Amino acid sequence: MLIRFCNRLQKHGAGIPFRYATTLFALLLSISCQETAKTRDDAMEAADSVAETAEIEVTRYPLKKVFWGDTHHHTAISGDAFGGGTRMTPEDSYRMAIGEAVKTNSGQEFKMRRPLDFLCITDHAEGFGVFIEIDRGNEILMQDSIARRWNQMLKGGKEEAMQLAVEIPSALANNRLPEPVTNPETAIPLMQASWKDHTATAEKYNKPGEFTAFIAWEWTSVPTGNNLHRNVILRDDKTRADQIIPFSALQSEDAEKLWEFMESYEAKTGGKALAIPHNGNISGGLMFAPLTISGEPLNREYAEARSRWEPLFEVMQIKGASETHPSLSTEDEFADFGIQGWDNGNLTLDILQTPEQRKYQYARQAYLNGLEYEERFGANPYKFGLVGASDTHTGVPHHDEDMFWGKHATNEPMPERAMEVVKKLNGVSRYGYGYTSAGYTAVYAEANTRADLWDGMKRKEAYGTSGTRIELRVFGGFDFVTEDLGTILESGYGKGVPMGGDLKDAVAGKRIAFMIHAKKDPNWANLDRIQVVKGWLENGKKMEKVYDVAWSGDRKPDAKGKIASVGNTVDLTDGSFTNTIGEPELSVLWYDPDFDPELAAFYYVRVLEIPSPTWILYDKVKYGISDVADDAPLVQQERAWSSPIWYSPR
């Protein structure tokens, strides 16, 4: 059957649109036909998990421990990173992630203060590693005029590197990549070799119980410049991963095709895969749009597939935050975090921002829409947890404000980077100060292994931060009492569900309650407050409310239930701040005073720190910069966002 199909494709290929022909060809090479695939039963999966750590004694935490990592990280294998001057390899990134000192692209030494527990290197699938061959002057690639020009630009200086860092994503968005990069006959052999090198490096640095190196990639869909990227994370080792090459947006820009590929991967290999959408703030309103990429209204089948394959959403990264927006959450005084510099258009600025687009770009609105879809056709496409990440393209795993290493190699520490124009189009400019110091993914798991961490992400027992290591626990239930706070883990798991979980059908007379405990990052700022964000549907109307449930000091709620500002100790002259305000820990057992057991709802927790300096202020002090733009944030309140707990009356 396969031979007959290939003969038909060869005979009639001239009539098939190039993108679809590429899809068919690459799928045939990377995953065999469904008719030969066999699924593995639960016993086999359990045996594989045991085999992963059979020879290594791994410390296990029955009540789970938080592990810190990055689920979105690029090295020189990514075309835009390489074109922008990045020469750091996956091996360099892993070495830095485990705490080694390494000289970076600009010749400066970098060493993490606190190593990561895990890292997902998610280089772009589109031409995976091929741009290294463009730099080397590969004879086949040099037959294309665009590839030859890029080869010459790669030999240039910083100006050429900055131009390439913008031009390569734009070429992808507008289908103008060099022909050998999109032609399966030339691209696939190069990608296969690069992919196998990549998986081998991940195996080398993966140390169960000590450090987890996930095998992953980024599917980089960007139709007309609208960012719909997904990071695909495998639970598996090299043996399974090498049976494919990463599915790319050159094969399809439709996420439903990516999900089909992931399903085929699982059927063929017995492995497991999940996808994490890129933060939605520059998606041109498409990330949570009411229509699919093919123009069809969302339905139950779509909702169930999206919920299955995309259990998490990237709420924070270098290109800002995607929790909510002041125009959407008008009563939320903290809704403006992480939007400076990005609230003007899509990824490439080909489409400028409109109020209508904002409705479909942010997590909180998606949660509300998800409740509506579930009420309409019985499935929720947006039942996802929240994580943070970096999306660094330097190969450097950086998260701290005073050690910000930039988005691209051209943004590594240097005096002018805050006010540098990084993108200009349609009369709009983006400046370096729009970048943030990225975020973390925090996962609760019993051990630091691929299987345990991946399972934690899949069940949404994970949360995101803006780059701080706030330790956060959230449990929901109907039977908690005050004394349970003293045994929050035992009581939380025993009587309720953790973040990412579901509560259903409240017993008459009982209110929903949440046990919450937050502990400050030991290396950073004290805590200001804990908030619970609730969303629900009432008489067909979408409702949201932010409750202050615990806070530092002796502040009292005002008439509207709001808590006054915690204050500000940041010294703008030297970039210092003090922990003389705020608290190192906050705990609370909170009952929803507005709970209606007949109304579906979601609840997630937001923890705010006291104000602290941004990397822009640190640069200003370090380099003696006299002035920056008025809207460049010098001070911010870093934060953590838990994955929600959903309540359903059914």
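The values are calculated or read from the model by the stated rules, or taken from the named source; none is laboratory data. Predicted, not measured: the structure shown is a model, and the values here were computed from it. Quick reminder, even Gly has a Cβ in these numbers, built from the backbone with ideal geometry, and neighbours come from all protein chains shown.
Let me confirm something: among ARG240, ARG230, ARG176, which residue is surrounded by fewer than 24 Cβ atoms within 10 Å (Cβ to Cβ), under 22 Å from THR348 (Cβ atoms) and either at pLDDT 95 or above or assigned by TED's automatic domain parsing to the domain that holds SER390 (or both)?
After ruling out the rest, the residue left standing is ARG176.
For the stretch 584-591, indicate whether the set of residues that are touching a strand residue (DSSP E or B) at 6+ places or on another chain (Cβ under 6 Å) and free of Cβ contacts under 8 Å to residues at least 40 places away in the same chain is non-empty. Reasoning before the result, please.
The first filter runs over the stretch 584-591 and keeps only residues touching a strand residue (DSSP E or B) at 6+ places or on another chain (Cβ under 6 Å), leaving 585-591.
Those left that are additionally free of Cβ contacts under 8 Å to residues at least 40 places away in the same chain: none.
The answer is no, given that none of the residues of the stretch 584-591 is touching a strand residue (DSSP E or B) at 6+ places or on another chain (Cβ under 6 Å) and free of Cβ contacts under 8 Å to residues at least 40 places away in the same chain.
Would you mind finding the one in PRO397, PRO326 that is at pLDDT 95 or above, assigned to a loop (DSSP other than H, G, I, E, B) and either buried (at least 20 other Cβ atoms within 10 Å of the Cβ) or in contact with a Gly (Cβ under 7 Å, 6 or more places away or on another chain) (or both)? Steps first, answer last, please.
Working: PRO326 fails: either buried (at least 20 other Cβ atoms within 10 Å of the Cβ) or in contact with a Gly (Cβ under 7 Å, 6 or more places away or on another chain) (or both).
Going through PRO397, PRO326 in turn, the sole match is PRO397.
So is GLU356 within 20 Å of VAL222 (Cα to Cα), in contact (Cβ under 8 Å) with a residue 60 or more places away in the chain, buried (at least 23 other Cβ atoms within 10 Å of the Cβ) and charged (D, E, K, R) or not? Outline the logic, then answer.
On the way: within 20 Å of VAL222 (Cα to Cα): yes; in contact (Cβ under 8 Å) with a residue 60 or more places away in the chain: yes; buried (at least 23 other Cβ atoms within 10 Å of the Cβ): no; charged (D, E, K, R): yes.
No, not satisfied.
Pairs under 6 Å by beta carbon, first residue over 12 Å from GLY464 (Cβ atoms) in the stretch 630-645, partner of a type in the set (D, E, K, R), six or more apart or different chains?
Correct list of pairs: GLN637/GLU609.
If the requirement is being in contact with an Asp or Glu (Cβ under 8 Å, 6 or more places away or on another chain) and in the same structural domain as GLU372 (by TED's automatic domain parsing), which of these qualifies: ARG511, ARG450, ARG529?
Values: ARG511 fails: in the same structural domain as GLU372 (by TED's automatic domain parsing); ARG529 fails: in the same structural domain as GLU372 (by TED's automatic domain parsing).
Only one candidate passes the filter, namely ARG450.
Any residue in the stretch 270-295 that's more than 9 Å from TYR360 (Cα to Cα): show its pairings with residues that are of a type in the set (Asp, Glu) and part of a strand (DSSP E or B) at Cβ separation under 7 Å, as long as the two are six or more apart or on different chains.
If the second residue must be of a type in the set (Asp, Glu) and part of a strand (DSSP E or B), the pairs left are ILE276/GLU314; PRO277/GLU314; HIS278/GLU314; ASN279/GLU314.
Residue-by-condition table, conditions (1) under 18 Å from the mean Cα position of the chain (by Cα); (2) not in a helix (DSSP H, G or I):
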| site | (1), (2) |
| --- | --- |
| TRP195 | no, no |
| ALA202 | no, no |
| GLY209 | no, yes |
| THR212 | yes, yes |
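Quick test for you: out of GLU490, GLU483, pick the one residue that is among the acidic types (Asp, Glu) and in contact (Cβ under 8 Å) with a residue 40 or more places away in the chain. Steps first, answer last, please.
On the way: GLU483 fails: in contact (Cβ under 8 Å) with a residue 40 or more places away in the chain.
Only one candidate passes the filter, namely GLU490.
Quick check on the stretch 151-160. Is at least one of its residues in a loop (DSSP other than H, G, I, E, B) and touching a residue at least 60 places away in the same chain (Cβ under 8 Å)?
Yes, that holds for at least one residue.
Does the stretch 366-380 contain any residue that is of a type outside the set (Phe, Trp, Tyr) and closer than 30 Å to ASP619 by Cβ? Steps first, answer last, please.
Looking only at the stretch 366-380, we keep the residues that are of a type outside the set (Phe, Trp, Tyr), and these are 366, 368-372, 374-376, 378-380.
After this cut, where a residue has to be closer than 30 Å to ASP619 by Cβ as well, the list is none.
No, the stretch 366-380 contains no residue that is of a type outside the set (Phe, Trp, Tyr) and closer than 30 Å to ASP619 by Cβ.
Restricting to the stretch 78-92, and then to whatever is touching a Gly at 6+ places or on another chain (Cβ under 9 Å) and over 22 Å from VAL422 (Cβ atoms), can you tell me which residue is surrounded by the fewest Cβ atoms within 10 Å (Cβ to Cβ)?
Restricting to residues being touching a Gly at 6+ places or on another chain (Cβ under 9 Å) and over 22 Å from VAL422 (Cβ atoms), the top hit is THR89.
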